[in-house]
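S.K.: First the structure, which I've put down as structure tokens, then a few questions once you've had a look.
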Amino acid sequence: ETTTVSTPSMDIQAELNRRHRAAATTVAGLIIAAILLSIVAFLGKGYFTQQSNPPLEMALMLVILFLGLGAIVWRRTKFGRMRLQDIGSLEGPPGLLSTLEKTTIQLAFFGATIAAIGFIGTLITGNEGHTYRGTAIALVVLIYSYPTKTSWNRLVNYFADSAEAKPTST
């Protein structure tokens, strides 16, 4: 009679698979949503009334630029080596996976917000170019934030191994 005992590494791998799938599905869904906004803007361009509003258009571009650059800074801050090392040491692999998932979803919402702001600009001004520019920048942010399983696996293995190799003081 053989019994299978789940090892921590199997539990970690199952958790990694679950969290990665959730994050990847969210990012992919938001990529599709951003593209759909551009399609709606393209199909509806005959129904929009052109209303030039230079200050609003400049504000839209600045907000989109700010959010795009903010997403890069956010990712670099949240995925900083020292921060991940601290999380790996204090919370172990489950904490690391939670951080990877939450940060990826937060970055994806930066991209979704950019696409939505571009579409709202189109609704207000009637210029579908706002949606196209917003979607282009949103896609860059969303693709930049798309999680790869190998990188997550490598991070968890690296920071889990370094946390286990360190002696704990009591």
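S.K.: For residue 22, what charge total do you get from the other residues with a beta carbon under 13 Å from its beta carbon, if Lys and Arg give +1 and Asp and Glu give -1?
M.R.: Local charge sum for residue 22: +3.
S.K.: Rounded to the nearest 500 deg cm²/dmol, what is the calculated helix-only ellipticity per residue at 222 nm for the chain, with -39500 (n - 2.57) per DSSP H run of length n ≥ 4?
M.R.: After summing the helix terms and dividing by the residues of the chain, the value is -29500 deg cm²/dmol.
S.K.: Sequence gap at least 6, Cα distance under 8 Å: using those rules, report the relative contact order of the stretch 1-146 to the nearest whole percent.
M.R.: Relative contact order comes out at 38 percent.
S.K.: May I ask for the distance between the Cα centers of the stretch 15-56 and the stretch 83-134, given as a whole number of Å?
M.R.: 12
S.K.: Between rounded, prolate and oblate, where does the stretch 63-170 land on the alpha carbon gyration tensor, with a ≥ b ≥ c its root eigenvalues, rounded for a/c under 1.5, else prolate if a/b exceeds b/c?
M.R.: Since a/c reaches 1.5 and a/b is larger than b/c, the shape of the stretch 63-170 is classed as prolate.
Coordinate-derived values only; no laboratory data. Not measured: the values here are computed from a predicted model. Methodologically, a virtual Cβ is constructed for each residue, glycine included, from the backbone with ideal geometry; neighbour enumeration extends over all protein chains shown.
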